[in-house]
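Asker: Dropping a structure here in structure tokens format, bear with me for questions.
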Amino acid sequence: MTRDWARLGQRLKAARAAREIPQQDLAETIGVKRGALHNIERGEFRKVTPTVIAYAREVGWAEGSIERVLDGGDPVEREISPVGNEPTEHAGESAGEREAPSDLSLLVQQSLKEGPLVDARVAEVTTSAGRLKATIVIRGEEGAPMDELLAALRKLKIDVEVDE
């Protein structure tokens, strides 16, 4: 079965419109540029990214709705709790409300907010001394072709230095 990315984009756009959320406001809330949402709404993507997940959450979709829509079904609205009409899933933790940990450098905190999200990963290594986690957030430049961004990323080498 082929996944219908254009259908997902149309359904997300319709959900945003039904909630009367301007595209620019939603982009700011989830920390991306408006062009990234435009691409999602036109179905110009081929994988579920943190941006797509945040979009779905902001328009009230429950977890699993993205996969349902891609497979031809309908999204499920998040349940509303009886107290305060707040969504029961992750109340108060929309993607736009999260802040970078304060122990990150200001340069890193700022870069986490810039450009459309290309991908994000967490790599974990277990050693005899314990576990090490690396969080990798990849943001591109607005309007840059994805294939060029990915080609540049493949060439990237990271040197790690530790202050002792």
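Asker: Apply the Karplus parameterisation 6.51 cos²θ - 1.76 cosθ + 1.60, with θ equal to phi minus 60°, to every residue of segment 37-51 and state each ³J(HN,Hα) to the nearest whole Hz, in sequence, with x for glycine and proline.
Answerer: 5, 4, 4, 5, 5, 8, x, 8, 8, 9, 7, 7, 9, x, 5
Asker: Right, next: Of the options Val32, Phe45, Ala56, report the single residue whose Cα projects farthest towards the positive end of the charge dipole of segment 17-58 (beta-carbon charges: Lys, Arg +1; Asp, Glu -1).
Answerer: Of the listed residues, the answer is Phe45.
Asker: Could I have the simple spin-label model distance between Arg121 and Glu142, label points 7 Å from Cα toward Cβ, reported in nm to one decimal?
Answerer: Going from the Arg121 label point to the Glu142 one covers 2.8 nm.
Asker: Check which residues have an amide H placed less than 5 Å from Arg139's amide H, if you skip close sequence neighbours.
Answerer: Answer set, sorted by chain and number: Val118.
Asker: Still on this structure: To the nearest 10 Å², what's Ile138's accessible area with a 1.4 Å probe?
Answerer: For Ile138, solvent-accessible area is about 40 Å².
Asker: Here's something else I'd like to know. Given H placed on each backbone N at 1.01 Å, which residues far from Glu77 in sequence or on other chains put an amide H within less than 5 Å of it?
Answerer: Here Ala62 satisfy the definition.
Asker: What distance in nm lies between label points placed 7 Å from Cα along the C-beta direction at Gln109 and Leu156?
Answerer: 2.2 nm
Asker: Just reorder Lys47, Lys133 by solvent-accessible area, largest first, 1.4 Å probe, all chains present.
Answerer: Result, largest first: Lys133, Lys47.
Asker: Something else now. To the nearest 0.05, what FRET efficiency results for Glu77 and Val48 with a Förster distance of 30 Å applied to their C-beta separation?
Answerer: 0.95
Asker: From the phi of every residue in segment 19-34, what ³J(HN,Hα) in whole Hz does the Karplus formula 6.51 cos²θ - 1.76 cosθ + 1.60 yield, where θ is phi - 60° and glycine or proline is x?
Answerer: Each residue's phi maps through the Karplus curve to give 8, 6, 9, x, 4, 5, 5, 5, 4, 5, 4, 9, x, 10, 7, 4 Hz.
The values are calculated or read from the model by the stated rules, or taken from the named source; none is laboratory data. This is a predicted model, so every value here is computed, not measured. Reconstructed Cβ throughout: ideal geometry from the backbone, glycine too, with neighbour counts over all protein chains shown. Note: accessible area is taken over every heavy atom of the protein model, side chains too, but ligands, DNA and RNA are not part of it. Shrake-Rupley method; radii C 1.70, N 1.55, O 1.52, S 1.80 Å.
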